[in-house]
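*Asks:* Supplied in structure tokens, the structure appears directly below.
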Amino acid sequence: MSLQYKFPEDFWWGSATSATQIEGAACEGGKGENIWDYWYSKEPNRFFDEVGPETTSDFYHQYKEDIIRMKDIGHNTFRFSISWSRLIPGGEGQVNQHAVNFYNDMINELLKNNIEPFLNLFHFDMPKELQDIGGFENRKVLELFKDYAKKCYELFGDRVKKWFTFNEPIVPVEGGYLYDFHYPNIVDARRAFQVGYNTMIANALAIREFRNHSIEGGQIGIILNLTPSYPRSQNPADLEASQMADLFFNRSFLDPAVLGEFPEDLIEVLKKHGQLPTFELADKALLKENTVDLLGINYYQPRRVKAKEHLPNPYGPFMPDWYFDNYEMPGRKMNKYRGWEIYEKGIYDILINLKDNYGNIDSFISENGMGVQDEGRFIENGKIQDDYRISFIEGHLKWLHQAIEEGCNSKGYHLWSFMDNWSWLNAYKNRYGFFSVDLKTKKRTAKKSAYWIKEVSKNNGF
Ligand code: BG6
């Protein structure tokens, strides 16, 4: 068969998930409480339709059948996260044997089905007890994270070769400490930068531990949501705005993860506003010596910015947004359900930037996807005809293919997500899966895109 877009041999086809969003069983199997369980118990009104994280998509009970479904649609790789509060309730101390059994069995099932497990250690779900002592603001929690990582290497490192420390470490910073969309709902830039800084120290500590553990053939990485910043125009003021947005939202994590240092201009600007985090002298060398082997890129939308229209309120809390305004480009293509622009070429721009400025590090698209509301409207002949998702994926794959043709080191493409899952505040409002999930019965049904990706993965292209 002649294909227009053929991908490199051994390309990773698969999908990504996270523990809190799919496992359910939040109060089963000895799991401890995490911040999501807690926040929902206090303020269910913050969650769409007041649906909380208790049962989500029931992967905890249905993983065996789900893994068969993954295999059936051509997955050769699958990303999941370990729930820290399930493995080590309270975040420190004894390991929970039920959790060890669950994760062991799930990993074994994946391998039995020739699906390589990609294991992520942290996806927004801080154990409640550790949040109570300050979460990542507290250096003690960084040490506990390292211990947790070590425990995971010991337990699963004989079979898992692809490891990730964090998924989108900037999101808990933005949500929890700047913009009020994650617990603990603090609005304080200095504390936000402290959490961001400390998270990258935790990343380096976990990487150092990984190197000590020497997992044969293992690679460790981080997963970042990179949002290329496009200026409204070439006017110097717009260009400056886009550089600042890029500094705050991309380079703040990309530089320490890949180059082992925070950008000088970020340090300068934080100093200027009196927002510099505290640090320890040994941090600099730790960061430099412990960079990632592999980069996961989550890409959903670009960031379009322009110079500020008005001066920021000098009495308001400092925000990165003091340096730019968001720009709504006329004619932009939107996913109106999620409120995100769709701009396929962004994937290419990210990869070219990595090639030119970050040593062309090994990477893959670790998340990309389209959340759509009320997908039941599109059912015909018993299945959701999600042609919009197919063209969304195709559009991104074309640009990914182009980047690879031009020498970018991209190894795979994972959709968010395998099946519909629970999202942080939106709960089940927008659906992302190749498989739909009936919220009452938890029954899975393949959407049209599941049949489509099966062919694409089988042919290694389209
Ligand atoms: C990514 C996260 O930001 O986007 C996922 O890693 C998340 O956890 C996904 O679910 C989609 O975003 P949302 O907010 O629509 O669930």
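The values are calculated or read from the model by the stated rules, or taken from the named source; none is laboratory data. Because the structure is predicted, anything quoted here is derived from the model rather than measured. Every residue, glycine as well, gets a Cβ built from its backbone with ideal geometry; the counts of neighbours run over all protein chains shown. These accessible areas exclude ligands, DNA and RNA; they are computed on the full protein's heavy atoms, side chains included. Shrake-Rupley method; radii C 1.70, N 1.55, O 1.52, S 1.80 Å.
*Asks:* Do we have residue 390 as aliphatic (A, V, I, L, M), away from the ligand (no atom under 16 Å from the Cβ) and buried (at least 16 other Cβ atoms within 10 Å of the Cβ) here?
*Replies:* On the way: aliphatic (A, V, I, L, M): yes; away from the ligand (no atom under 16 Å from the Cβ): yes; buried (at least 16 other Cβ atoms within 10 Å of the Cβ): yes.
Criteria met by residue 390.
*Asks:* Going residue by residue through segment 72-88, is there one that turns out to be closer than 18 Å to residue 425 by Cα, surrounded by fewer than 19 Cβ atoms within 10 Å (Cβ to Cβ) and not β-branched (Val, Ile, Thr)?
*Replies:* Scanning segment 72-88, I find no residue that is closer than 18 Å to residue 425 by Cα, surrounded by fewer than 19 Cβ atoms within 10 Å (Cβ to Cβ) and not β-branched (Val, Ile, Thr), so the answer is no.
*Asks:* Is it the case that some residue within segment 39-46 is of a type outside the set (Lys, Arg) and at positive phi?
*Replies:* There is no residue in segment 39-46 that is of a type outside the set (Lys, Arg) and at positive phi.
*Asks:* A further question follows. Quick one: would you say residue 96 is over 26 Å from residue 12 (Cβ atoms), free of Cβ contacts under 8 Å to residues at least 12 places away in the same chain and not acidic (Asp, Glu)?
*Replies:* In short, no.
*Asks:* From the list 428, 358, which residue is more than 16 Å from the chain's Cα centre (by Cα) and within 29 Å of residue 55 (Cβ to Cβ)? Explain how you work it out, then say what you get.
*Replies:* Values: 358 fails: within 29 Å of residue 55 (Cβ to Cβ).
Of the residues listed, the single one that is more than 16 Å from the chain's Cα centre (by Cα) and within 29 Å of residue 55 (Cβ to Cβ) is 428.
*Asks:* A further question follows. Just checking, which of 104, 114, 120 is open to solvent by less than 10 Å² (accessible area, probe 1.4 Å), of a type in the set (S, T, N, Q) and under 24 Å from the mean Cα position of the chain (by Cα)?
*Replies:* Selected residue: 120, the only one of 104, 114, 120 that is open to solvent by less than 10 Å² (accessible area, probe 1.4 Å), of a type in the set (S, T, N, Q) and under 24 Å from the mean Cα position of the chain (by Cα).
*Asks:* A follow-up question, please. Among the residues that make up segment 254-264, is at least one of them outside any loop (DSSP other than H, G, I, E, B), open to solvent by 70 Å² or more (accessible area, probe 1.4 Å) and either under 30 Å from residue 414 (Cα atoms) or not aromatic (Phe, Trp, Tyr) (or both)?
*Replies:* Scanning segment 254-264, I find at least one residue that is outside any loop (DSSP other than H, G, I, E, B), open to solvent by 70 Å² or more (accessible area, probe 1.4 Å) and either under 30 Å from residue 414 (Cα atoms) or not aromatic (Phe, Trp, Tyr) (or both), so the answer is yes.
*Asks:* Residue by residue through segment 216-228, note down the ones that are in a strand (DSSP E or B), surrounded by fewer than 22 Cβ atoms within 10 Å (Cβ to Cβ) and more than 15 Å from the ligand (Cβ to nearest atom).
*Replies:* 219 - this is the single residue of segment 216-228 that is in a strand (DSSP E or B), surrounded by fewer than 22 Cβ atoms within 10 Å (Cβ to Cβ) and more than 15 Å from the ligand (Cβ to nearest atom).
*Asks:* Check off (1) part of a loop (DSSP other than H, G, I, E, B); (2) within 16 Å of the ligand (Cβ to nearest atom); (3) without any contact (Cβ under 8 Å) to a residue 60 or more places away in the chain for residue 40 and give me the number that stays unchecked.
*Replies:* Here residue 40 clears every test but (1).
*Asks:* Please enumerate the residues belonging to segment 391-442 that are among the hydrophobic types (A, V, I, L, M, F, W, C) and part of a loop (DSSP other than H, G, I, E, B).
*Replies:* 408, 416, 418, 422, 424, 425, 434, 439
*Asks:* Just wondering, is there one or more residues in segment 179-188 that are at pLDDT 95 or above, closer than 30 Å to residue 75 by Cα and surrounded by fewer than 22 Cβ atoms within 10 Å (Cβ to Cβ)?
*Replies:* no
*Asks:* For a quick check of your reading of the model, give me the residue pairs whose first member lies in segment 375-390 and is in a strand (DSSP E or B), whose second is among the aromatic types (Phe, Trp, Tyr), with beta-carbon atoms closer than 9 Å and at least 6 apart or on different chains.
*Replies:* 383/451; 384/378
*Asks:* Could you tell me whether any residue of segment 380-387 is away from the ligand (no atom under 16 Å from the Cβ), modelled with pLDDT under 95 and in contact with a strand residue (DSSP E or B) (Cβ under 8 Å, 6 or more places away or on another chain)?
*Replies:* There is at least one residue in segment 380-387 that is away from the ligand (no atom under 16 Å from the Cβ), modelled with pLDDT under 95 and in contact with a strand residue (DSSP E or B) (Cβ under 8 Å, 6 or more places away or on another chain).
*Asks:* Kindly evaluate residue 287 against the criterion of being in contact with a helix residue (DSSP H, G or I) (Cβ under 7 Å, 6 or more places away or on another chain), within 30 Å of residue 150 (Cα to Cα), surrounded by 21 or more Cβ atoms within 10 Å (Cβ to Cβ) and modelled with pLDDT of 95 or more.
*Replies:* Here the answer is yes, as residue 287 does meet what is asked.
*Asks:* Name the single residue, out of those in segment 405-426 being under 19 Å from residue 460 (Cβ atoms) and within 16 Å of the ligand (Cβ to nearest atom), that is surrounded by the fewest Cβ atoms within 10 Å (Cβ to Cβ).
*Replies:* 415
*Asks:* So is residue 363 in a strand (DSSP E or B) and hydroxyl-bearing (Ser, Thr, Tyr) or not?
*Replies:* Criteria met by residue 363.
*Asks:* Quick one: which of 395, 376, 346 is closer than 26 Å to residue 432 by Cα, out of contact with any Ser or Thr (no Cβ under 7 Å at 6 or more places or on another chain) and exposed (fewer than 15 other Cβ atoms within 10 Å of the Cβ)?
*Replies:* 376
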